[in-house]
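The values are calculated or read from the model by the stated rules, or taken from the named source; none is laboratory data. Model, not experiment: these values are computed from the prediction. Please note: Cβ atoms are built from the backbone with ideal geometry, for glycine as well, and neighbour counts cover all protein chains shown.
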Amino acid sequence: MKAAEPESGFSMAADGGRSLLLQTIQSISRGHFDALDTLYALPGEEGIAPEVAELAESIGLILVRLEARDFHIELAAEAEQRLQELNALKDKYLGIAAHDLRNPLSSIRGMSQMLIEMDLDKDTRKSFLESINRVSNQMLTLINDLLDVSVIESGGFELNLTEGNLSELVDERAGIATVNAQQKKITLSTDLQDVPNCMFDTERFRQVVDNLLTNAIKFSPSDTNIHLTCREIGTTIEIAVSDQGPGIPPEEIDKLFGAFETLSTRPTGGEKSTGLGLSIAKQIVDSHSGEIEVESKVGIGTTFVVRIPVKQQS
C-alpha cells in the first residue's frame, strides 16, 4: 500500500518524503494513532530519501519501545496490586486462625496438663481425652478450610479430573454421614439413581457432598429427616440435599456462599462452624462448570442443589 502524498501538493520525489514524514509525526502528536501505519510504511515507499527512511525507522522504533515500556509498567502495576491483595488476604487468614485457634488450644493445654499432673479416675480421663480429640478435629477442620480458601482465592486452585460415578460417591458419603445423623436422632434417606460416568475431581467433590450433609445435620433438630438424591437431568447430574431444619431467611440467602459470613440460623447441637464450607463448595462446583443453588423456607427446611455437566473437557 502506497503512503498518502502530502497535502501541500508536492510530489513524494520532490522532497524525498520529508513533508509526509512531518505531517505524519504531527498527526501522531495530536493523538491520531492511525497515522502510525503511514509512519511504519514510509521506509519502503518509492521516492523516499535514505535519510527520511532512516529517520522514519528510528521514530518507529522509539514509539514501539515506548509502547512496550508502558505495557511492562502496566503489568508491573497489576502485579504489585495483586501482591498487595494477597498480602492482605494472608493477614486476614492469619488473624482468623489466631483468633479461632486460641480457645481450643487453651482447652487442649488445660485438659492435657490435668491428665499429666492429676490422679483422675478412669471415666474422667476418658472424658478429657474425648474432648481433646473432638477439639483437635475442630481445629484441623478450620486449618484445612483456611488452606483451601486461601489456595482458591490466590488463583492456585487446580482440579484433578478423572472419570467416575457421582451416584456411587454420594452413596459412600451418605454412609459416613449416617453415623453423625444418628447421634442427633436424625434419619438420612437416599434416592440414588443410576447416572452416567462423568469427569470430576473425586477428593474435591467429596468435600462438596460432605459439606452439604454436615450442614444439613448441623442445622436439623432431632426426629427429622434429611433426604439425599442423585439423578440425571438432561445433560447434567443433579445432587440435592433437603433437610427439615429452621430454614434461612430470604434476606440472608445471598450471604450463604460468602467466606466468613455469619447467619442468624444456629446449629441445633452447638456445633462449631468455620463459615468457609459453602464458599469452598461453590468454588469447587463452579470450577467443574456446574452450579449450586439453594431453596429455603423459614420453619420448613432447606434444599441445596448441585448440578454439573455429564460431559466435561479434561
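A Cβ distance below 8 Å, combined with a sequence gap of six or more or placement on separate chains, defines the contacts here; from segment 122-139, residues that are in contact (Cβ under 8 Å) with a residue 40 or more places away in the chain reach residues that are surrounded by 12 or more Cβ atoms within 10 Å (Cβ to Cβ) and charged (D, E, K, R) in the pairs GLN138/LYS272. A Cβ distance below 7 Å, combined with a sequence gap of six or more or placement on separate chains, defines the contacts here; from segment 1-30, residues that are among the hydroxyl-bearing types (Ser, Thr, Tyr) and surrounded by 16 or more Cβ atoms within 10 Å (Cβ to Cβ) reach residues that are modelled with pLDDT under 75 and in a loop (DSSP other than H, G, I, E, B) in the pairs SER19/PRO6; SER19/SER8; SER19/PHE10. For GLU158, indicate whether it is more than 30 Å from ALA88 (Cβ to Cβ) and under 29 Å from the mean Cα position of the chain (by Cα). In short, no. For segment 158-186, the set of residues classified as polar (S, T, N, Q) and either without any contact (Cβ under 8 Å) to a residue 24 or more places away in the chain or exposed (fewer than 13 other Cβ atoms within 10 Å of the Cβ) (or both) consists of ASN160, THR162, THR178, GLN182, GLN183, listed by residue number.
Restricting attention to segment 170-195, the residues that are in contact with a strand residue (DSSP E or B) (Cβ under 7 Å, 6 or more places away or on another chain), closer than 22 Å to GLU232 by Cβ and in a helix (DSSP H, G or I) total 3. May I ask you to list the residues in segment 92-123 that are surrounded by 13 or more Cβ atoms within 10 Å (Cβ to Cβ), among the polar types (S, T, N, Q) and at pLDDT 85 or above? Passing the criteria: only SER112.
Test SER189 against the criterion of being assigned by TED's automatic domain parsing to the domain that holds THR229, modelled with pLDDT of 95 or more, farther than 21 Å from SER287 by Cα and hydroxyl-bearing (Ser, Thr, Tyr), and give yes or no. Yes: the conditions hold for SER189. Yes or no: segment 151-169 includes at least one residue that is touching a Ser or Thr at 6+ places or on another chain (Cβ under 6 Å), in the same structural domain as GLY277 (by TED's automatic domain parsing), modelled with pLDDT of 90 or more and in a helix (DSSP H, G or I). The answer is no; no qualifying residue exists.
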